[in-house]
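Just below is one structure, and these are the notes that go with it.
Since every read-out is calculated from the coordinates, none of them should be taken as a lab result. Note that this is a predicted model, so its numbers are computed, not measured. We place every Cβ from the backbone using ideal geometry, glycine too, and count neighbours over all the protein chains shown.
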Amino acid sequence: MLLIFRPFRVGQFVEVAGIAGTVEVITLFMTELNTPDNVHIVVPNGQLWGTSVKNYSHNATRRADIAIGIDYGDDIGKAFDIIKGVIAGDSRISADPPPEMMVTNLGDSAVELQVRLWCGAGDYWPLKFDLNRRIKEALDAGGITIPFPQRTVHLVKESGTN
């Protein structure tokens, strides 16, 4: 059935039956995958057929979401301007649809921002890793703080104790 319906092809990166890897060989009885850390896995096709398939290579583009937390005392607009400057200079980012930035949550320790942008499927991981670093460095240079998780603890002294 895999050979007839072709939910994935050789060379595509898929996640199927709890295994993620690049498809190397599809035969009548088995499919061979190589994981990102270069482990070779042979899976019986019967195990693959009865489960869902995530095919990361099927579409030409992918959306990358980058989560960033900033301090409650920092200027959200300034943080967005800094991030815009970082992503504007990267040719791997698609202009259509345009990148989006939003506040997604008011967390326990940070105002949580998210950047959503589109890129070619082959650029997804290199772009995401690169932007995480470049955004962090640009926010640091711009005086925007990425806070550590913190908890406030109140100690109550009971009366009559030392």
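Lys and Arg at +1, Asp and Glu at -1: add these up for the other residues within a Cβ distance under 14 Å of residue 56 and post the number. Every neighbour counted, the sum reads +3.
When +1 charges are put on Lys and Arg Cβ atoms and -1 charges on Asp and Glu Cβ atoms, the dipole computed for region 61-141 relative to its Cα centre reaches about 340 debye. From the residues 51, 93, 131, which one has its Cα farthest along the dipole of the chain in the positive direction, the dipole being from +1 and -1 charges on Cβ of Lys/Arg and Asp/Glu about the Cα centre? My answer, from the dipole projection, is 51. When the Cα centres of region 17-63 and region 106-162 are compared, how far apart do they sit, in Å? Spelled out, the Cα-based centre of one part sits 34 Å from the other.
Pairs of lysines in the chain whose Cα atoms sit within less than 20 Å of one another amount to 5, provided the residues are eight or more positions apart or on different chains.
If you place +1 on the Cβ of every Lys and Arg, -1 on the Cβ of every Asp and Glu, and leave all else neutral, what size is the dipole of the chain about its Cα centre, to the nearest 20 Debye?
Details: 15 positive and 19 negative charges, 73 e Å.
It works out to roughly 360 debye.
Against the chain, whose longest principal axis is taken from its Cα atoms, helix 76-88 shows a tilt of about 30°. Sorting the segments 108-116, 57-65 by their residues' average number of neighbouring beta-carbon atoms within 10 angstrom, most packed first, yields 108-116, 57-65.
Label-to-label distance for residue 133 and residue 65 is 2.5 nm, based on points extended 7 Å past Cα in the beta-carbon direction.
As a check on your grasp of the helix formula, calculate [θ] at 222 nm for the chain: sum -39500 (n - 2.57) over DSSP H runs of n ≥ 4, divide by the residue count, round to the nearest 500. Numbers along the way, then the final one.
Working: 4 runs with 40 residues, N = 162.
So the calculated ellipticity at 222 nm is -7000 deg cm²/dmol.
Exposure proxy for 127, 155: other Cβ atoms within 10 Å of each Cβ, ordered fewest to most, give 155, 127.
Within the set [x] 107; [y] 208; [z] 96, the number that volume of the Cα convex hull per residue in Å³ takes when calculated for this structure is listed as [y]. With R₀ fixed at 30 Å, the C-beta to C-beta distance from residue 84 to residue 51 puts the FRET efficiency at about 0.15.
Between residue 12 and residue 95, what length in nm is gained on full extension when 0.36 nm per residue of separation is reduced by their alpha carbon distance? Working it through step by step, the gained length comes to 27.4 nm.
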